Amino acid sequence: MQFTINGLHILGIATVVPRRITHISDMGDVFGSADIERIINSSGVQSIRSVDEKICASDLCIQASEHLLSKICVDRTTIDAVIFVSQTPDYRLPATSALMQQRLGLRNDVLAFDINYGCSGYIYGLVQAAMLLSATTCNKVLVCAGDTITKLIHPKDRSAKVLFGDAGSATIIERGYENWPFHFYTDGSGEKHLFVPAGGSRIPYHSNTCIEFTDEEGNIRTQNNLYMNGMEIMNFALKYVPLSVEGVLVESKLNKEDINAFIFHQANKLMLDFLIKKMKLPKDSAPIALQNTGNTGPASIPLAISIKWRELSEKTSLQKTLFCGFGVGLSTASTIVDLSKTLILGPCEYGS
Amino acid sequence: MENIFLEKLTEILDTQLNLDMDINLGNIEEWDSLGMVSFIAMADVEYGKKVIFSDLKNAQTVRDLYMLVKSEG
């Protein structure tokens, strides 16, 4: 569906990546050096950032939030809601956002809730913030989007190991003068194309879910690990991402030529190249920013903005910036925002 | 048309082989899951054809792949 929510503005965006760098070319020992070169050319991912076992997505997001709050000079007691968008919460319960209220020193009367979403998740965070700002007395909402998905990847699963990285982000949205169009699409029949089978209520953790198996491609994983069916995701993205972009443009009564920048979920270079070609978008308006981070799920859109804003703002105002997330669900979600008056901070390293 | 197809296929598979229509896909080292995903994207974007996994599993040669994307008639 598509709709518009009025009276909004993004005050600022900050992102944090873990310190540990893994170069994909070093994985040649495990996966074969000829293959690795071809994989890097295709995925566009040269290196990923990943957390140590003890670090959670919330830790990355807390640092991003503190960084943003300090630079933007916002009194934290004026934050009315905190939304944590992630597939890697601290615990099964309680919601990680509740812990973040306390850790960030936010008021006790804030709204705090989690959204379990990945690649489209950032837009889900933004739409929730937009609804709170337009329909309640909330004046400022903090959206934290991040994943530590590398913890869910089996070290011998080539299909995922060479693509995904960890990152956290913080975005503060307030009341303003922008009207944001949104477009959403969901097809739950694709649930098993990108999922972690065990660990929920359907298949609880059990000694059986830890048993390793090898798939047709020679990737090893267990039911506790992330699985991705690249072919199904590619077909879904090629069909529904252009429809989502078109849908949000129709809702906003804009043409693609009016858009200053298209910030897509940074899935992989192969997919983005074909999507850009299919939609006939100018390459320099649709940046690819995953070379040193990989696919960071719900953090990938703010992270791409954080990495590329300086380069983009030299050529354009970012007044009409289209965000499009797609993937797990399967789902797509798009919106158009004005970043011309937004404080955008470059990515920081965790612990810096 | 066939030559253009072979050029595009060589490029997306990132292979050093000199591809022709009769090469068995089993002899192309790059015809793995990454090669298949790339082909699916090429079929959609370059030829406007939706190709699914079972189509690829049934394909034996490069010509079979060509038949999946070439226009009818």
What's the number of the only condition in (1) farther than 30 Å from A:LEU318 by Cα; (2) surrounded by 18 or more Cβ atoms within 10 Å (Cβ to Cβ) that A:PRO197 fails to meet? (2)
Could you check the stretch A:7-27 and list, in sequence order, the residues that are under 23 Å from A:LYS54 (Cβ atoms), free of Cβ contacts under 8 Å to residues at least 40 places away in the same chain and either among the small types (Gly, Ala, Ser) or open to solvent by less than 10 Å² (accessible area, probe 1.4 Å) (or both)? none
Kindly evaluate A:GLU311 against the criterion of being touching a Pro at 6+ places or on another chain (Cβ under 6 Å), away from every other protein chain (no Cβ under 14 Å), of a type outside the set (Gly, Ala, Ser) and closer than 29 Å to A:LEU11 by Cβ. no
Which one of these is within 14 Å of chain B (Cβ to nearest Cβ), under 30 Å from B:SER33 (Cβ atoms) and within 22 Å of the chain's Cα centre (by Cα): A:ILE21, A:ILE36, A:ILE40, A:ILE48? A:ILE40
For the stretch A:255-288, what are the residues that are crowded, with 22+ Cβ neighbours inside 10 Å and either within 12 Å of the chain's Cα centre (by Cα) or part of a loop (DSSP other than H, G, I, E, B) (or both)? A:ILE259, A:ILE263, A:PHE264, A:HIS265, A:GLN266, A:ALA267, A:ASN268
Filtering the stretch A:196-223 down to residues that are assigned to a loop (DSSP other than H, G, I, E, B) and of a type in the set (S, T, N, Q) yields A:SER201, A:ASN219, A:THR222, A:GLN223
For the stretch A:45-68, what are the residues that are touching a residue at least 40 places away in the same chain (Cβ under 8 Å), farther than 22 Å from A:ILE115 by Cα and not in a strand (DSSP E or B)? A:VAL45, A:GLN46, A:GLU53, A:HIS67
Residue satisfying condition, being open to solvent by 20 Å² or more (accessible area, probe 1.4 Å), of a type in the set (Asp, Glu) and facing another protein chain (nearest Cβ under 9 Å), within set A:GLU216, A:GLU212, A:GLU251, A:GLU246: A:GLU216
Hey, can you tell me all the residues within the stretch B:22-39 that are among the hydrophobic types (A, V, I, L, M, F, W, C) and either closer than 17 Å to A:GLU217 by Cα or without any contact (Cβ under 8 Å) to a residue 12 or more places away in the chain (or both)? B:LEU25, B:ILE28, B:TRP31, B:LEU34, B:MET36, B:VAL37, B:PHE39
Any residue in the stretch A:129-147 that is open to solvent by 40 Å² or more (accessible area, probe 1.4 Å) and within 19 Å of the chain's Cα centre (by Cα)? no
Within the group B:LEU6, B:LEU19, which residue is part of a loop (DSSP other than H, G, I, E, B), more than 11 Å from chain A (Cβ to nearest Cβ), in contact (Cβ under 8 Å) with a residue 40 or more places away in the chain and under 11 Å from the mean Cα position of the chain (by Cα)? B:LEU19
Which residue out of A:GLU191, A:GLU232 is under 28 Å from B:VAL51 (Cα atoms), modelled with pLDDT under 95 and away from chain B (no Cβ under 14 Å)? A:GLU191
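Just to check your reading of the model, which residue among A:SER300, A:SER313, A:SER334 is part of a helix (DSSP H, G or I), in contact with a Phe, Trp or Tyr (Cβ under 8 Å, 6 or more places away or on another chain), closer than 25 Å to A:GLY168 by Cβ and among the hydroxyl-bearing types (Ser, Thr, Tyr)? Spell out the reasoning first.
Details: A:SER313 fails: in contact with a Phe, Trp or Tyr (Cβ under 8 Å, 6 or more places away or on another chain); A:SER334 fails: part of a helix (DSSP H, G or I).
Residue meeting the stated conditions: A:SER300.
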Does B:LYS57 satisfy being at pLDDT 90 or above and not small (Gly, Ala, Ser)? no
In the stretch A:28-41, is there at least one residue being open to solvent by less than 10 Å² (accessible area, probe 1.4 Å), within 27 Å of A:PRO287 (Cα to Cα) and touching an Asp or Glu at 6+ places or on another chain (Cβ under 7 Å)? no
Give the residue that is modelled with the lowest pLDDT, with candidates limited to residues of the stretch B:22-34 that are part of a helix (DSSP H, G or I) and within 9 Å of chain A (Cβ to nearest Cβ). B:SER33
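One line per residue, one yes/no per condition, for (1) crowded, with 20+ Cβ neighbours inside 10 Å; (2) over 20 Å from A:GLY200 (Cβ atoms):
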| site | (1), (2) |
| --- | --- |
| A:GLN46 | no, yes |
| A:CYS61 | yes, yes |
| A:ALA64 | yes, yes |
| A:VAL82 | yes, yes |
| A:ARG92 | no, no |
Using the structure shown, decide if A:ILE233 is open to solvent by 40 Å² or more (accessible area, probe 1.4 Å), touching a residue at least 60 places away in the same chain (Cβ under 8 Å) and under 19 Å from A:GLY44 (Cα atoms). no
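The values are calculated or read from the model by the stated rules, or taken from the named source; none is laboratory data. This one's a predicted model, so the numbers in the text were calculated from it and none came from an experiment. Methodologically, a virtual Cβ is constructed for each residue, glycine included, from the backbone with ideal geometry; neighbour enumeration extends over all protein chains shown. Calculation scope for accessible area: heavy atoms of the full protein, side chains included, ligands and nucleic acids excluded. Shrake-Rupley method; radii C 1.70, N 1.55, O 1.52, S 1.80 Å.
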